[in-house]
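**Q** My questions all concern the structure below.
What follows is calculated from the coordinates using simple rules that are stated; it is not laboratory data. The model shown is predicted, which means the values in this text are computed figures rather than measured ones. Please note: Cβ atoms are built from the backbone with ideal geometry, for glycine as well, and neighbour counts cover all protein chains shown.
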Amino acid sequence: MPHALVSLARSRNLDDLEAAWQQALTSPNADDARHYAAALELLCEQDLAGRALGLASSMLEALASKDMVEPALELGFRVLRQSAHNDTLIKAVVGLIEQRYGDENWFELLMRRSGLQIGATVHAVQEFDKLRRYTKGFVVYHGAGWGEGCIGEFRPESEEVVVQFASGRKEAFPLDTLLTSFKSLDNEDLRAMKLLQMDVLQEEAKDRPSELIRRTATLYRGTITSQQVKTELCGSVVPEKSWASFWKRAKASAAKDPWLRVEGSPTRPVFVLRSRPVGIAEEAATAVSHESDLGQKIVVLREYLARGGDEEVRQQIMALTTKVVEQALEEKKASHAHILDGILFLEEQGLRASVPAADELRSLLVKEDGSLRPIAIDRLATQASREHAVSLLPQALGENWADQCAVLLTEWPDSVVEKVVDKLTSINQGVLCLPIWERVAPYPKRYPMLVYLLGRLFSDGVFDGQEQRPSEVAVVRVLLHTARLLNEERKGNVAYSRLLARLTSLLTGKRGLLHQAFEHATRDDFVQYVTICQRAGEDFPQEITDTIDRAVMQKHPDIHAKPDVPFWERDHIYTTRAGLQRIKADYSMLVDEKIPTNSKAIGAAASLGDLSENSEWESAMEEQRNLTGRAQEMDQQIRSTRLIEDQEVPDDTVAPGTKVTLRAPGEQLIVYRVLGPWDVTDDHTINYLAPIAQGLLGKKVGQTGEIPGPAGPTAVTIEAIERIV
């Protein structure tokens, strides 16, 4: 584990560090490069630069051999900044520099300015490292007014750098100005991440809030108040409406963070970065002391055991766990669920508490009247505890445990119901689940997991030969309804998405239930299957739809037969070749002239100063939205276009591509050419999509149609029809 390397370096356990490093060299990971660097930096801080150099050179070679040039180079730069170097390391870093940056247009300039063209010295490499941090993609900071900005362009011919600032302004500066007046920010600096890695910050806010507080504290020399945290994060990283919930989680997380010391009051805490983290076992003891609930104490101890890098630390954490559990057993204040959490955790690690887990599980699940309450298993704090508890059901409930569990299958929570079914199946008692089908099949929305599990037992032949066994056709119908419901609800629900994937596999796999059902399905059954898929929408799993469609085409193709419709009613836009050329010309003018001109106007408006009171900027931006929206619309229309010349235009029916003569009231004759939307160049040509054409399309000579008029629709008679395209 990369964290273990850091821990071993901090403890100066050099032999184990060497062994762990050799293991890491066999499969180096770009994401772990920062941990490699942290371990090396710790060795340098402890006057072990010689040992660090050997490890650094081997890791650079390992990363480079796997084409991980970027992390290898960053590792080399970080080691050199510790004043740890030798000729081998310097040459390796220079080689990586040429490999990574040799094709950049600024490479020769930076080589010359850094002195690397003259010779590969540590000073020249460090100077190159400094200069490259002012090239495209890096973030710089100006403390006297400009603030932070991302470098968007490096112009080597004029030695200018273009910076796009967070405020919205873009400005070009001489490189020397940036070197003297701007600070280059590390990629992990909060200010840089706000510009380039906001998604990472938001992920930290959600999952690792104390890590975000540590990152924020570095901006304030390691000590930050609650108000300063809010100033830096609220609105920019954490939405204002979510601040209260984030702040509650962040304070709780910071209290357990080994790198943070929390001072001040509970309402106005002050966070102080430690120079080194407390030991994991010590940290675990501190974190446990902050929890009053035994279940949460066990959760904390599980987390720290997972982080424990060596056996000694793991033994210390488990000794602490034993102490916590036995104290709870002695005091008899904790719930059966939480005590069971602790006992199960101990048993998972090969330890035993003074009370067997099966006894505590019986107390949790069995009421005073002897009845079973399956839902109580969800009181356990972790999924690992719940699954372990299921394995102990025979010991906890006695000989008839299978009958007790099966008859109440609908009451087992989704977190463990699959484990319960698997447990029953493992002792050839899966058939006990069959009576439940009649109870869950009508309610797939309430029992989606159980419907899937029973369908799987059906597919595996567990119910074969049973009198109550439902037909394949009926089972598939219920499973399809379940898939439709899961598909409707899966957005934002990871559990439903995973279950839908498993259900899709069950239906369409090599031994899929759909294939079994097709052998016995009638035409009406196929119609039901098709209807369910159609109701499920376009995002319904394609594998299911395709499997059913193939079977329908083989057995009942008439189900998919569709009535033929006139070409002008299909989902396309029909026009002549001349009309298509007109819309393409308009589109070209829009994207090649109007939009570029607008972009220049935006740039000119931006140079006028404060954008908040800049009417030219607002006007240009509004025009940009209109132009780009129109361009997108025109692009979609062009893609949808079909030529009238390529269609079978009828001779005796009003259609696009015909000329129609109409007799209006008063014996007046009107002649129209019916063409496409971009063909209307005179008063005698009408767009077939326009209201004036809609009452005529499809009519034949002698029939009556309608055209709109000021006083309402006017009836006209079709006198003649002539094909003109």
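**Q** Below 18 Å, Cα to Cα, which lysines can K491 reach? Residues fewer than 8 away in the same chain don't count.
**A** Within the straight-line limit of under 18 Å, K491 reaches these lysines: K445.
**Q** Hey, which lysines would be in cross-link range of K367, C-alpha to C-alpha under 20 Å, not counting anything within fewer than 8 residues on its own chain?
**A** Within reach: K332, K333.
**Q** If each DSSP helix of 4+ residues adds -39,500 (n - 2.57) and the sum is divided by the residues in the chain, what number results at 222 nm, nearest 500 deg cm²/dmol?
**A** -16500 deg cm²/dmol
**Q** Please state the relative contact order of the chain as a whole percent: Cα pairs under 8 Å, 6+ residues apart?
**A** 4 percent
**Q** Looking at the chain from every direction and averaging, what is the projected area of its Cα convex hull in nm²?
**A** 48.0 nm²
**Q** Near K700, which lysines are there with a Cα under 17 Å away, not counting those fewer than 8 places off in the same chain?
**A** Answer for K700, where 17 Å is the Cα cut-off: K659, listed by chain and number.
**Q** Give me the distance in nm between label points sitting 7 Å out from Cα along the Cα-to-Cβ direction at T26 and R169, one decimal.
**A** Result: 5.7 nm between the two label points.
**Q** Where does each of 680-691, 324-335, 251-262 land if you order them by average Cβ count within 10 Å, highest first?
**A** The packing order, highest mean first, is 251-262, 324-335, 680-691.
**Q** Given Cβ point charges of +1 (Lys, Arg) and -1 (Asp, Glu) and nothing else, what value in debye, to the nearest 20, does the dipole of the chain about its Cα centre take?
**A** It works out to roughly 1060 debye.
**Q** Just the number, please: percent antiparallel of the DSSP beta bridges in the chain, rounded to the nearest 5.
**A** The answer is about 85 percent antiparallel.
**Q** Something else now. When only C-alpha pairs under 8 Å and at least 6 residues apart count, what is the relative contact order of the stretch 294-495, in percent?
**A** That works out to 14 percent.
**Q** On to the next question. From the square roots a ≥ b ≥ c of the eigenvalues of the alpha-carbon gyration tensor of the stretch 505-559, which class results: rounded (a/c under 1.5), prolate (a/b over b/c), or oblate?
**A** In terms of gyration-tensor shape, oblate.
**Q** Using the Kirkwood radius built from alpha carbon pairs, what does the Stokes-Einstein equation give as D for the stretch 294-495 at 25 °C and 0.890 mPa s, in µm² per second?
**A** Result for D is 131 µm²/s.
**Q** ³J(HN,Hα) across the stretch 703-719 via Karplus (A = 6.51, B = -1.76, C = 1.60, θ = phi - 60°), whole Hz, x for Gly/Pro?
**A** Here the 3J(HN,Hα) series is 7, 9, x, 9, 10, x, x, x, 9, x, x, 10, 6, 10, 10, 7, 8 Hz.
**Q** Can you work out the FRET efficiency for the pair I602 and D67, with r the C-beta to C-beta distance and R0 = 45 Å, to the nearest 0.05?
**A** For R0 = 45 Å, the calculated efficiency reads 0.65.
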